[in-house]
Amino acid sequence: MENVLRPLIVVGGAVVLTLLIGWATDLLLRKADERHTETPLWGLLRRARIPYQLVLCTALLRGSYDKAELLLGHRVAVGRLLTLVLIGSAAWLVVRIAAAIVDTSYHRYARGHTDAARVRRVRTQVSLIMRVVTAVVGVMASAAMLLTFPAMRAAGASLLASAGILGIVAGVAAQSTLSNLFAGLQIAFGDMVRLGDTVVVDGEWGTVEEITLTFLTVRTWDERRITMPVSYFTSKPFENWSRGTPQMTGVVYWHLDHCAPIESMRERLRDILRECPAWDGRDYSLVVTDSTPNTIQVRALVTAKDSDDVWKVRVAVREQMITWLTAEHAYALPRVNTADAALPPGGIIPSQDGVAARRLHEPPRTGRGA
C-alpha cells in the first residue's frame, strides 16, 4: 500500500501545490491589473501563467522525485527528462516576461507621443528586439539541454578548442544569412523603413506588414504579400512614402481636344475638391503640360494628408471631371479625324502608282517646276 500512496502523494501534492500557487499568483496579478489601469504590465504578465505553472510543477517533481520511489530502474532517465522540461519551461517563462516588459514600454511610449512615424519606428525596434531575445534565450536553453548529457559535456572541450575554425567556416557558409541579420538590425535602428510604412519596391505599391531579422513582408493594395530579404532595403533604392511628413501630392492627367475649356476646368476642379473629404485643402492646380497634333495634355495637381487619401482624391477628380466634360463640353474630348486632310494651295497628291499628280481643279503650269 505504501508503494502506491507514496507516488500519489508526491506527484499529486506537486500538482495540487502548483495549481494553488498558480491560482494565487493569477489572482494577485488580476487585482494589480484592476488597480493600475495606466499600465498593461500586470495583464500581460498573466499570459505567462502556463509556463509559470509548468516551471513550478517540474521543479517540485524534480526535487521530490527521489522520495516517490517510482520507476527506480529508470531514475536517471526520468530525472534527465524532468531537467529538460524544466529548462525548456524556464526559457518559455523568460520569453513571456520579456515580451510583457517590452510591450508595456511600447504602449507607454505610444500613449505619450502623437508622431505616427516615431511610434512606427519604436514598434519596429521592439519587434526586432523581441526576436533577438527569443533567439538568444532559445540558443541558451538548447545549449543547457545538451550539456545535461555527459557525452555532450565531453565534446564541449573539443568544440571550444576548434571554435576559431568553426567560426570561420560558419561565417563563410552563412554569409548571406549573416548579411540579412545585420541588415535587419540596421533597418531597426537606422530608421530606414518601419512597420506600417507605405513603400514602392520593384514597381509594387504596398505597406510594410512584417519585419524580421532576415526578411521583410510588404502587403500590396490587392492583398498580396511580397516577401524579400531585408538586405534588399540596404543595397537597392526604394520609395518610402512615409518618410518625413505623410502629406502627398497626386497627379491626374487628361488627353483632350485643343478646344478644351481650360479655365472652366480649373473652376470645376476647385468645386470637385471642395466636395471631396479626402482633400486636405493645401493646394491644387490645373495646367496644360503638352501638346500634340491631335490632343493636348492637361495635368491637375491635388494634395492630401497621406497616400491613401491622395489616391481617393485622384480617382474622384479623374472620374468627376470626365463625367462633367462628357455632359457639358463633349467637344473637348479627344476625337479621331476621319475626313480628308486639307492641303495647302499648290499641294501635290501622290497617285497610287507613286507618280506625283496635281490636283484636278488646278490648271497646268508652265515654266520651272511645271
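What follows is calculated from the coordinates using simple rules that are stated; it is not laboratory data. Remember, predicted model here, so these are calculated numbers, not experimental data. Glycine also receives a Cβ, built like all others from the backbone with ideal geometry; neighbour counts cover every protein chain displayed.
The table for this structure:
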quantity	calculated
Estimated FRET transfer efficiency (residue 323, residue 247; beta-carbon r; R0 41 Å; 0.05)	0.90
Per-residue Cβ neighbour rank within 10 angstrom, fewest leading, 253, 52	253, 52
Relative exposure of 119, 315, judged by other C-beta atoms within 10 Å (fewest first)	315, 119
Amide proton proximity set for residue 216, modelled H, under 5 Å, gap of 5+	228, 230
